[in-house]
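Each remark here refers to the structure printed beneath this line.
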Amino acid sequence: DKISDVQSGTERLVDNLLSELEDILDGSNSFSGALEKSQSELKKNPDIKTISRLVVDLIEETDQVKKVNTTMEQSLNVMKDEVCILKHSMEELNTTAYTDQLTCIPNRRAFDKAIKDLCGKYQSEGRCFSLLFMDIDHFKSFNDTHGHAVGDKVLGFIASILTKGVKGSDMVARFGGEEFVVLLPDTQYDGAITVGQQLCLKVAQKNLVIGAEKKVSLGNVHISVGVATISLGDDVHSIVERAD
């Protein structure tokens, strides 16, 4: 829906702008024609009556150009507001495109873009980074026992803990299914191991409870974490595969 709205809004804006430009061009051609005609008649040494008529015609043409310009200015102001609305819609669309709708954290597309950028910085600047690749232990059996609705809540629960457990420019994203990833810029292997262990503990220490009125404890959830640090010869695929 958002893509359709942005597309139709942009088409309408372009159509309106083209229409305004056509009006400007028509007005300009008309004014140029009037000037050329006046210039031609003035070269013939006209009498005062002809000169008076030429002046009146030029005043009318000038007034017409002013009216067109005023109308155009008003239209451009309206279009400026429409551009601002479209820009806001595009920003919302961009956010939606890079956000996992279930957990409200960055999605696979956002992760792919971020790790590609980090690999580029490593190759050009030598800046190190590490990757944590994690999944929820026995998540399939958990889903089979409690149902997918509860499974979805667990995914949101894990995403929240992981997000709160990192800091700075670290990035948590949902990789797919019950798999999550964490990018750790400027972090060596030992530091990444420490962060991975801390996140495992933070998740394991939480008792998952569902139900607003009748609270039901689901016990503790555990995650497994793989760690990899960028090295010479790595690309996006190889470091993800190694962490996995």
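The values are calculated or read from the model by the stated rules, or taken from the named source; none is laboratory data. The structure displayed is predicted, hence computed values, not measured ones. A quick note on method: Cβ atoms are made from the backbone with ideal geometry, for glycine too, and the neighbour counts reach across all protein chains shown. The protein model used for the area step is the full one, side chains on, heavy atoms only, and it has no ligands, DNA or RNA in it. Shrake-Rupley method; radii C 1.70, N 1.55, O 1.52, S 1.80 Å.
Can you give me the solvent accessible area of LYS206 with a 1.4 Å probe, rounded to the nearest 10 Å²?
100 Å²
Sort ASP152, ASP144 by accessible area with a 1.4 Å probe, largest first.
Putting ASP152, ASP144 in descending order of accessible area: ASP144, ASP152.
From largest accessible area down, sort LYS116, LYS167; use a 1.4 Å probe on the protein chains.
Greatest to least solvent exposure: LYS167, LYS116.
³J(HN,Hα) across segment 219-226 via Karplus (A = 6.51, B = -1.76, C = 1.60, θ = phi - 60°), whole Hz, x for Gly/Pro?
So the Karplus estimates, Gly and Pro as x, are x, 9, 10, 10, 10, 10, 10, x Hz.
Using a 1.4 angstrom probe on the protein heavy atoms only, line up ARG127, ARG109 by accessible area, largest first.
From most exposed to least exposed: ARG109, ARG127.
Between segment 180-238 and segment 19-35, what is the C-alpha centre distance in whole Å?
66 Å
Averaging sequence separations of C-alpha pairs under 8 Å and six or more residues apart, then dividing by the length of the chain, give the relative contact order as a whole percent.
The value is 19 percent.
Once each part is reduced to its C-alpha centroid, what is the distance from segment 44-123 to segment 154-169 in angstrom?
Here the two parts' Cα centres lie 40 Å apart.
Under a point spin-label approximation (7 Å from Cα along Cα-to-Cβ), what is the ILE85-ARG109 distance to one decimal in nm?
Distance between the two pseudo-spin positions: 2.4 nm.
Would you pull out the residues with amide H under 5 Å of PHE175's amide H, same chain only if 5 or more places away, H placed 1.01 Å from N?
PHE180, VAL181
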